[in-house]
Structures are given as structure tokens and as C-alpha cells.
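Below: the structure, in C-alpha cells.
The values are calculated or read from the model by the stated rules, or taken from the named source; none is laboratory data. Just so it is clear, the model here is predicted, and its values are computed rather than measured. With ideal geometry, Cβ positions are generated from the backbone for all residues, glycine too; neighbour counts draw on all protein chains shown. SASA here: full protein model, heavy atoms, side chains in, ligands and nucleic acids out. Shrake-Rupley method; radii C 1.70, N 1.55, O 1.52, S 1.80 Å.
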Amino acid sequence: MSDLRAERCDRMVQPIVDLTASVLASQIGNLDDFDDVIRAAESVLAVAELGSYGIDDDAYIDWAGAAPATFKRIIEAAERKDKKAVWLAFADPQTGVYRVSAACQGLPRW
């Protein structure tokens, strides 16, 4: 039997690394980095939109509940090339991207 949480977290490892790098790069003013933010955020959003059905992990369930709105905010801000709004959504202390690390904690590459 496969571990659905492990599969989903594995799908998100590289997009989260890419997203983190591109969000940081976008903060120093390179407008091309917003395209990278959008691509990476869309990859994670695709996983987040699968929800948490079939996963028995409280941190993942919590993350999956808030993640779609968070990643949509990141994408919308990047489309507007609004670096402040990108950062605020990415780093939000309640719903920010850091929560995916809690959702995937203990798995390979996390």
C-alpha cells in the first residue's frame, strides 16, 4: 500500500525549493523571477488542491486546508508583479509556505 502523504510531499519538494528561490529573487527586483514564482506555486497548488482525503496526518490536513488560498494569493500577486504581496503571502505566519514543511516533516528530502 502506498503512502499518499509521502507521494504528495515528494511531488512538492522541488517546487517548494524553486518557489523559495524565486520568491527571494523577486524581492530584489528581477521581474522575470515572477514567472518562476507562478510556475512553482502552480505546481504546489496542484498538489494542495487534491486535499487531504486519505491522509491521516494532522499537520498535512491543516496545511491542505489553508494551502490552496495561500498559493492562489502568491500566484495572483506574482501576476501583478507585486513583490510585497508575494512576500506577505509566502511568509504569512498563519498560512505561509513554511507550513508545508510541517506537513511533510520526517519524509525523505524534508
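Figures for the structure shown
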quantity	calculated
Additional length obtainable on full extension of the chain from D92 to E7, 0.36 nm per residue less Cα span	28.0 nm
Heavy-atom surface of the chain, accessible at 1.4 Å and reported per residue (Å²)	55 Å²
Debye intensity ratio I(q)/I(0), log10, the range 12-110, q values 0.19, 0.24 Å⁻¹ (C-alpha model)	-0.83, -1.25
Whole-percent carbon and sulfur share, accessible surface of the chain, 1.4 Å	53 percent
Residue-count net charge about R99 - beta-carbon cut-off 11 Å; Lys, Arg +1, Asp, Glu -1	-2
Ellipticity estimate at 222 nm from DSSP helix runs (n ≥ 4, -39,500 (n - 2.57)) divided over the chain, nearest 500	-22500 deg cm²/dmol
Zone residues, the range 86-105, relative to R80, backbone N less than 20 Å from point 7 Å out along Cα-to-Cβ	86-97
Radius of gyration, Dmax [the range 40-90; alpha carbons; angstrom]	12.0, 37
